[in-house]
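To start, the structure under review is shown below, and the notes come after it.
The values are calculated or read from the model by the stated rules, or taken from the named source; none is laboratory data. Worth saying up front: this structure is predicted, and the values here are computed from it rather than measured. Cβ sites come from the backbone with ideal geometry, for glycine too, and all protein chains shown count toward neighbours.
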Amino acid sequence: MTTHHLHTPFSDDMIRRLHAGDIVYFDGTLFGIRDLTQIYMFDQRHEPPVSLQGMPCIHTAPSLRRVGDRWEKICVGTTTSTRMDRFTPDLIARYGVKAIIGKGGLYEKSLEAMREHAAVYLAIVGGSAALETQQIEAVEAVYWEHLHPEALYQFRVKNFGPLTVAMDSHGRHLYREVKSATERRLPEIYRSLGITGGS
Amino acid sequence: MAVFDYQLVEDVAKALYIRALCDLPPDVRRALKAAAKRETNPTAQEVFKAIFKTIEIADTHKTLICQDTGLPIYMLKIGSAFPWNGSEIKKRLKIGAERATREFPFRGSSTHPLTRMNPQTSVGEGLPVLYCDFVEDSSRLDILMVPKGSGSENMSRMRMFYPADGVAALKKFVIDTVFETGANPCPPGIIGVGLGGTADLVMKLAKEAIVRPVGQRHPDPEIARMETELEDAINSMGRGPMGLGGDVTTLAVHIETAYTHITQNPVAINTQCWPARRARAKISPDGKVEYGY
């Protein structure tokens, strides 16, 4: 397990050096996206008004407060990623996103896009919004404001992490590996609990 | 005796929602500390470090632990000598939950089930969820507030097994649920299990199971033994904190029971995430409020 301290934008070389199980912290720009952001982008065909090339995107619906023409953070946390799986290959292939941050992981087509285009899935600790919010230095921009709290957010972050490399660009998928290992133990667990037939 | 002022119930309902969201109960903190101590997986240890930093920041800045402020649940125990007006209390709890949302302020998550309209109040038709129980030899109103987030609530399960399936059905159901839900309920949390009752009662039992303080066992030694047996089994699965691998997959398994029908064997599972939030207040008729967990 290696700990990496990175800065955005991420290059392909940086991403290829990350392996499943490694820990990542980074400084720089972070984009916030959610279900509706990506429905708007992909299903309703709106081009993002800002370049996402080399950038990380986090699955979030932030609580923000509007103060004059600026936005201030109240609480920014992370949501389950699996709902947004179908958008991810395009996010990586078409827009050059290099890291998806969320919880729970994504599926095969996303993993394939990560291998092909050098991208990673970084798992955040769910429920740790207090920590995430503190690591966000500023809300730099909110694009597609009418979609708030599922707009496109540009945050500036400092030492954002710890994030676990859960899907790397070499085809490894940590959640799947852990699940398979558990699956192999299940018969023994059933036996120890006196569970015989299926139900 | 002075007339009881129901404004107090509203203020307490608001305060409890905010307290629950910001201040993790001591038993949950202790359980997380103990879990981190026995964890040997280096990735899992990083997860625990992030968890403790989160709790510390929430303590220092009186801020939300998790952004999912959930749906509000109020569990009432009404003392036999408490001079209460139920409908007034119900009304005040709703206003209190709404005021917490607007005045803190935090994101409201309550939504119309068809139109998906979100009033940004955390309440609405049927909300907050309200449970009432009645206790003897008490003059107090005991309110337990539970903000239930969706990551864990979405992983709830209920099955009406056959009596012939026996207790093995419960055990397999629990193990399979933990296996299938993986990282989604933000482990390691509390796995609440209901056994017996009717279809609705069994789910309520599972909910009561997740609010029991970690470290407390079921008073029936046989049920208590089943709780530790399931805990050990789940913690041998290797799913680990946030499903990323490790020794600790759950802090506790709690089982609550009720008598059921001769032809029924209902089992329900309600999972609770590692921020197992709850806050309690005991209100005396003279207006004295004692806060706890």
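Condition check ((1) more than 8 Å from chain B (Cβ to nearest Cβ); (2) closer than 22 Å to B:N41 by Cβ; (3) not in a strand (DSSP E or B)) across all residues:
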residue	(1), (2), (3)
A:S169	yes, no, yes
A:V178	no, yes, yes
A:A181	no, yes, yes
A:R185	no, yes, yes
A:R191	yes, no, yes
A:G194	no, no, yes
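Restricting attention to segment A:151-191, which residues are touching a residue at least 24 places away in the same chain (Cβ under 8 Å) and aliphatic (A, V, I, L, M)?
A:A151, A:L152, A:V157, A:L163, A:V165, A:A166, A:M167, A:L174
Is one or more of the residues making up segment B:82-89 of a type in the set (D, E, K, R) and either crowded, with 16+ Cβ neighbours inside 10 Å or not in a helix (DSSP H, G or I) (or both)?
So far as segment B:82-89 goes, no, none of its residues is of a type in the set (D, E, K, R) and either crowded, with 16+ Cβ neighbours inside 10 Å or not in a helix (DSSP H, G or I) (or both).
If a residue counts only when it is out of contact with any His (no Cβ under 7 Å at 6 or more places or on another chain) and small (G, A, S), which strands (runs of 3 or more DSSP E) contained entirely in segment A:80-153 have at least 2 such residues?
Per the criteria, A:136-143.
Being surrounded by fewer than 19 Cβ atoms within 10 Å (Cβ to Cβ), more than 10 Å from chain A (Cβ to nearest Cβ) and hydrophobic (A, V, I, L, M, F, W, C) is the filter here, so list the residues in segment B:35-53 that pass it.
B:A36
Only residues that are part of a loop (DSSP other than H, G, I, E, B), touching a strand residue (DSSP E or B) at 6+ places or on another chain (Cβ under 8 Å) and buried (at least 16 other Cβ atoms within 10 Å of the Cβ): list them for segment B:209-237, please.
Passing the criteria: B:R212, B:V214, B:H218, B:N235.
Residues of segment B:139-164 being under 20 Å from B:R92 (Cβ atoms) and either among the polar types (S, T, N, Q) or within 14 Å of another protein chain (Cβ to nearest Cβ) (or both), which ones?
Answer for segment B:139-164, where residues must be under 20 Å from B:R92 (Cβ atoms) and either among the polar types (S, T, N, Q) or within 14 Å of another protein chain (Cβ to nearest Cβ) (or both): B:S139, B:P147.
Determine whether B:A13 is in contact (Cβ under 8 Å) with a residue 60 or more places away in the chain and either outside the structural domain of B:T249 (by TED's automatic domain parsing) or out of contact with any Cys (no Cβ under 6 Å at 6 or more places or on another chain) (or both).
Here the answer is yes, as B:A13 does meet what is asked.
Among the residues of segment B:179-198, write down those that are among the hydrophobic types (A, V, I, L, M, F, W, C) and more than 9 Å from chain A (Cβ to nearest Cβ).
Answer for segment B:179-198, where residues must be among the hydrophobic types (A, V, I, L, M, F, W, C) and more than 9 Å from chain A (Cβ to nearest Cβ): B:I190, B:I191, B:V193, B:L195.
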